[in-house]
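The values are calculated or read from the model by the stated rules, or taken from the named source; none is laboratory data. Just so you know, these numbers come straight off a predicted model, no measurement behind them. Glycine also receives a Cβ, built like all others from the backbone with ideal geometry; neighbour counts cover every protein chain displayed.
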Amino acid sequence: MNTSHDAFPSRRDVLKFGLAPLATGTLGFAAPSALAQQGPIRLGAIYILSGGAATYGQFARQGLELALSEINAAGGVLGRQLEYSMEDSQGKVDIAINAARKLVFQNRVDALMGLDSSGVANGLVSVVPELRKPFVITHAASPDVTGKLCNSYTYRVSVNINQHMSAASQIAVGTGARRWTTIGPDYAFGHQSWEYFQQYLKQRQGNAEFMSQVAFPKFGAEDFTPFIQSVMQAKPEGVLVSLWGGDLVNFVRQARNLGFFEQKMQILLTLGAATEVLSALGEQMPQGVWAGTRYWFAAHADNPINQRFVKSYVERHKTPPSYNAEGAYAAAYLYKAAFEKAGSTDGAAVAKALSGLAFEAPNGRVVMRPGDHQAVVGPTWGKLGAFDKNYGVRMLESVRTFTGEEVTPPVAETGCKL
């Protein structure tokens with residue numbers, strides 16, 4: 001589906017006129033019951049809350065709080081209110097594991113959600129079954145957590161690397177570039193982004209070439225100059241850039257100074273349309289460059305759930321929601337549906353209820369695929385266009401939002417064996 005900025009109301013219109021309300025019962029309301037005597041249902045969230053990627057945790061918190069305020073105002077879940085506790089993963093596996101255990105054994109949460117780093121996700125999922133609480137991943141894109149590392153308690157509601165790179169390969173074919181290289185973080189996310197991009201592009205463009213001169217700066221690097229220069233000297237026709245967060249912000253600023261974006265090559269910023277990045281860079285973000293995101297707030301203008309989500313989020317925070325805000329928001333409603341389907345908050349029962357569950361989210365109807373627990377969803381790609389003073393970000397042009405069905409590989413190819 002192709003959408004455009006013109007089809008979506010501006011922040012000024014959102015605040016002035018409001019948007020159409022949700023159809024009655026779209027998200028479902030729980031009736032009060034004796035279960036209210038049991039106290040609140042608690043969600044435990046783990047995100048990066050410090051360092052260069054802390055804005056991702058901030059956006060996730062805002063999305064989660066918005067969802068809980070809506071759910072609680074409508075009567076809660078099973079007659080009980082929803083609350084949350086949040087811990088800082090610091091982007092480190094050991095700290096994230098300790099945070100999960102603290103949330104379960106000290107804070108007594110009923111379910112877990114979160115994670116920003118693919119490396120952290122890969123390290124944590126093996127511990128999840130012993131905690132006996134469902135875990136919904138809302139950001140980390142490692143294909144392994146719904147692939148070879150999958151388990152009965154772990155789910156993902158957001159776009160993974162497979163889905164995102166399948167879409168990226170389709171964008172790449174359209175650019176006409178044939179010889180590609182990459183700049184990405186030197187851990188699972190960067191390497192797997194390049195691996196799957198090559199796999200999908202080769203399938204779609206048999207004459208595609210992939211250069212041996214690649215650049216993988218460490219996550220959190222401050223100086224990207226040598227990597228930028230090495231790629232420019234290699235003279236590729238296309239560059240896949242999978243840096244994200246503060247790394248991508250620093251990279252773009254340094255790359256502009258070095259003339260990187262003036263070179264005769266196609267550039268794909270895989271997460272360049274993340275609101276966290278767009279807000280930080282403002283008009284420094286180069287126009288005309290392809291940028292991707294796992295959710296684009298202006299790409300679902302005909303969805304009343306997205307209309308309400310964007311309207312409420314902008315009213316609260318004066319900025320459009322990021323994909324991390326949307327992921328946390330969607331996870332709260334996913335858990336609401338799972339608790340109600342299970343009729344309890346028992347960890348095993350809720351985990352089982354999540355399998356095959358379909359619910360309505362800002363990015364449309366989402367199905368949690370039973371075979372690997374991956375949501376069948378797709379990303380949005382577009383070219384960075386004009387700067388919108390109301391939103392404080394560059395908007396996307398030539399927008400293409402992919403369906404989950406067209407970018408999600410079959411379960412048999414994921415390596416998941418539940």
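Here are the numbers:
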read-out: Residue within segment 178-186 that is closer than 18 Å to S118 by Cβ and surrounded by fewer than 18 Cβ atoms within 10 Å (Cβ to Cβ) present; value: yes
read-out: Segment 231-254, residues that are surrounded by fewer than 21 Cβ atoms within 10 Å (Cβ to Cβ) and either in contact with a Lys or Arg (Cβ under 9 Å, 6 or more places away or on another chain) or over 21 Å from F189 (Cα atoms) (or both); value: M232, Q233, A234, K235, E237, R253, Q254
read-out: Residues of segment 111-127 satisfying the condition of being surrounded by 24 or more Cβ atoms within 10 Å (Cβ to Cβ) and closer than 23 Å to A353 by Cα; value: A111, L112, M113, G114, L115, A121, L124
read-out: Pair list, Cβ < 8 Å and 6+ apart or interchain, from segment 278-295 residues that are in the same structural domain as V239 (by TED's automatic domain parsing) and at pLDDT 95 or above to residues that are of a type in the set (V, I, T) and surrounded by fewer than 19 Cβ atoms within 10 Å (Cβ to Cβ); value: W290/T175
read-out: Residues of segment 337-368 classified as surrounded by 21 or more Cβ atoms within 10 Å (Cβ to Cβ) and among the basic types (K, R), total; value: 0
read-out: Residues being outside any helix (DSSP H, G or I), among the charged types (D, E, K, R) and either over 20 Å from the mean Cα position of the chain (by Cα) or over 21 Å from L43 (Cβ atoms) (or both) - total across segment 116-158; value: 3
read-out: Flag if A325 is under 20 Å from the mean Cα position of the chain (by Cα), in the same structural domain as R80 (by TED's automatic domain parsing) and assigned to a helix (DSSP H, G or I); value: yes
read-out: Test set (1) more than 17 Å from P379 (Cβ to Cβ); (2) crowded, with 23+ Cβ neighbours inside 10 Å; (3) among the basic types (K, R) - R156 fails condition number; value: (1)
read-out: Residue among P185, P236, P217 that is modelled with pLDDT of 95 or more and farther than 22 Å from G91 by Cα; value: P236
read-out: Segment 185-229, subset within 24 Å of K383 (Cβ to Cβ) and touching a residue at least 60 places away in the same chain (Cβ under 8 Å), residue farthest from the chain's Cα centre (by Cα); value: P185
read-out: Selection count where residues are buried (at least 21 other Cβ atoms within 10 Å of the Cβ) and at pLDDT 95 or above, scope segment 300-312; value: 5
read-out: Failed criterion for E315 (all others in (1) crowded, with 17+ Cβ neighbours inside 10 Å; (2) assigned to a helix (DSSP H, G or I); (3) in the same structural domain as T154 (by TED's automatic domain parsing) hold); value: (1)
read-out: Criterion (in contact with a helix residue (DSSP H, G or I) (Cβ under 9 Å, 6 or more places away or on another chain), in contact (Cβ under 8 Å) with a residue 60 or more places away in the chain and on the phi < 0 side of the Ramachandran plot) met by exactly one of A298, A349, A342, A353; value: A298
read-out: Boolean, E397 is among the acidic types (D, E) and in the same structural domain as Y196 (by TED's automatic domain parsing); value: yes
read-out: Residue within segment 54-75 that is part of a loop (DSSP other than H, G, I, E, B) and modelled with pLDDT under 95 present; value: no
read-out: Enumeration of residues in segment 232-245 that are out of contact with any helix residue (DSSP H, G or I) (no Cβ under 8 Å at 6 or more places or on another chain) and over 15 Å from S169 (Cβ atoms); value: Q233, A234, K235, P236
read-out: Residue match in segment 205-223 (condition: in a helix (DSSP H, G or I), surrounded by 16 or more Cβ atoms within 10 Å (Cβ to Cβ) and among the aliphatic types (A, V, I, L, M)); value: no
